[in-house]
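Reviewing the structure listed below.
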Amino acid sequence: MSSLFQSISRAAFALLPTLPYTPTEKTGCGGFAVKAHSLSARARTDGPVAFRDASFEIPCGCRTALIGPNGSGKSTLLRVLAGLTPAFTGEVEVAGTPPRLGQRRIAYLAQRPHLTEHFPLRLRRLVQMGTYAHHGWFEECFHGDTAVDQALFKMGLADLAERPVHTLSGGQLQRGLIARAIVQGAEVMLLDEPYAALDQASREIIDTFLFEQGHAFTVVMATHDPADLGRFDRILEMRGGTIHTNHACEGHDHRHA
């Protein structure tokens, strides 16, 4: 019996590295990156409804601005799309499936990322975490090094690769998180006011990446800055518990409207 148990144990541990963290997902966008019908949600399970009866669509590759006053539900909507907050009523699909944690095709960046102070994590490792969804349990991700180097370079962080993350500025950390999304290969980027409190250099680097022609990913970004709106394909305005889709958006070559 002991020998049989050891054989089973060895077989199980040999298999673990090949088991993916998340189920295999289809790639490629089938027309709409986000589809919502009669959607409502609460910021907290015991709180009031943040928005209700929202129906909207976001085409694949569309850059969408999410606007509205503080407390209108922008962050709640992004968290619903990311699978972090459950919908109260209605239906929603992101990248062809209902939102859930661990979707490799979706990247979510909170307005204020929470990282444990002085945790011994270097920037390179943070960015490398973007490869985890493509690997199995306990599998080391060395073959992601080239993608990590390219993402760090694109975000202007190559010289900071070995820097502990708790020593980074807010702008550097935000760029690092976007570099992680690049390595992940995210097709839908959900960004909660990514420009808040950024230095000008970081803003320009992120801005160039998000609105650069030729990128196929979809962006849904909460913003308070009216100057940002001319670059978006579509605007979702949240006000008074409702969401209104505004298609009259100019100034962007990728415009779908």
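The values are calculated or read from the model by the stated rules, or taken from the named source; none is laboratory data. Computed from a prediction, not measured in an experiment: that's the story for all the values here. Don't worry about glycine lacking a Cβ; one is built from the backbone with ideal geometry, like all the others, and counts go over all protein chains shown. Ligands, DNA and RNA are excluded from the accessible area calculation, which covers all protein heavy atoms including side chains. Shrake-Rupley method; radii C 1.70, N 1.55, O 1.52, S 1.80 Å.
All but one of (1) open to solvent by 30 Å² or more (accessible area, probe 1.4 Å); (2) modelled with pLDDT of 90 or more hold for Ile178, so report the exception by its number.
Failed condition: (1).
Say we look at the stretch 212-246 and pick out the residues that are polar (S, T, N, Q), more than 20 Å from the chain's Cα centre (by Cα) and open to solvent by less than 70 Å² (accessible area, probe 1.4 Å); which of these is farthest from Thr89 (Cα to Cα)?
Asn246
If a residue has to be buried (at least 17 other Cβ atoms within 10 Å of the Cβ) and of a type in the set (S, T, N, Q) to count, how many in the stretch 156-175 make the cut?
2
Tell me, which strands (runs of 3 or more DSSP E) lie completely within the stretch 60-110 with 2 or more residues that are at negative phi and open to solvent by 60 Å² or more (accessible area, probe 1.4 Å)?
Output list reads 89-94.
Of all the residues that make up the stretch 230-248, how many are out of contact with any helix residue (DSSP H, G or I) (no Cβ under 7 Å at 6 or more places or on another chain) and within 29 Å of Leu168 (Cβ to Cβ)?
Step one: of the stretch 230-248, the residues out of contact with any helix residue (DSSP H, G or I) (no Cβ under 7 Å at 6 or more places or on another chain) are 230, 232-234, 236-237, 239-248.
Restricting the remaining residues to those that are within 29 Å of Leu168 (Cβ to Cβ) gives 232.
Here the count works out to 1.
Yes or no: Gly47 more than 25 Å from Leu101 (Cβ to Cβ) and at pLDDT 85 or above?
Values: more than 25 Å from Leu101 (Cβ to Cβ): no; at pLDDT 85 or above: yes.
No: the conditions fail for Gly47.
Out of the residues in the stretch 193-211 that are open to solvent by 10 Å² or more (accessible area, probe 1.4 Å) and in contact with a strand residue (DSSP E or B) (Cβ under 8 Å, 6 or more places away or on another chain), which is modelled with the lowest pLDDT? I'd like the intermediate steps shown before the answer.
Filtering the stretch 193-211 down to residues open to solvent by 10 Å² or more (accessible area, probe 1.4 Å) leaves 193, 195-201, 203-205, 207-209, 211.
Narrowing further to those that are in contact with a strand residue (DSSP E or B) (Cβ under 8 Å, 6 or more places away or on another chain): 193, 211.
Values: Glu193: 90, Phe211: 86.
That would be Phe211.
Glu140 passes all but one of (1) assigned to a helix (DSSP H, G or I); (2) more than 21 Å from Leu66 (Cα to Cα); (3) modelled with pLDDT under 90; which number fails?
For Glu140, the failing item is (1).
Look at the stretch 101-128 and say how many of its residues are within 27 Å of His224 (Cα to Cα) and charged (D, E, K, R).
Of the residues in that region, 2 qualify.
Return yes or no: is Phe153 modelled with pLDDT of 90 or more, open to solvent by 50 Å² or more (accessible area, probe 1.4 Å) and over 20 Å from Phe209 (Cβ atoms)?
No: the conditions fail for Phe153.
Of the residues Val188, Val183, which single one is surrounded by 20 or more Cβ atoms within 10 Å (Cβ to Cβ) and under 11 Å from Gly130 (Cβ atoms)?
Every option except Val183 fails the conditions.
Quickly run through the stretch 119-136 and pick out the residues that are open to solvent by 60 Å² or more (accessible area, probe 1.4 Å), in contact with a Pro (Cβ under 8 Å, 6 or more places away or on another chain) and modelled with pLDDT under 80.
Residue satisfying the conditions is His134 alone.
Residues that are buried (at least 16 other Cβ atoms within 10 Å of the Cβ), outside any strand (DSSP E or B) and either at pLDDT below 90 or small (Gly, Ala, Ser) (or both): does the stretch 27-39 have at least one? Quick ask: steps written out before the conclusion?
So the first thing to find is which residues in the stretch 27-39 are buried (at least 16 other Cβ atoms within 10 Å of the Cβ), and the list is 29, 32-36, 39.
Adding the requirement that they be outside any strand (DSSP E or B) leaves 29.
After this cut, where a residue has to be either at pLDDT below 90 or small (Gly, Ala, Ser) (or both) as well, the list is 29.
Yes, the stretch 27-39 contains at least one residue that is buried (at least 16 other Cβ atoms within 10 Å of the Cβ), outside any strand (DSSP E or B) and either at pLDDT below 90 or small (Gly, Ala, Ser) (or both).
Give the residues of the stretch 175-221 that are basic (Lys, Arg) and without any contact (Cβ under 8 Å) to a residue 40 or more places away in the chain, sorted by residue number.
Result: Arg175, Arg203.
Anything in the stretch 47-73 that is basic (Lys, Arg) and within 25 Å of Phe217 (Cβ to Cβ)? List them, or say none.
Passing the criteria: only Arg63.
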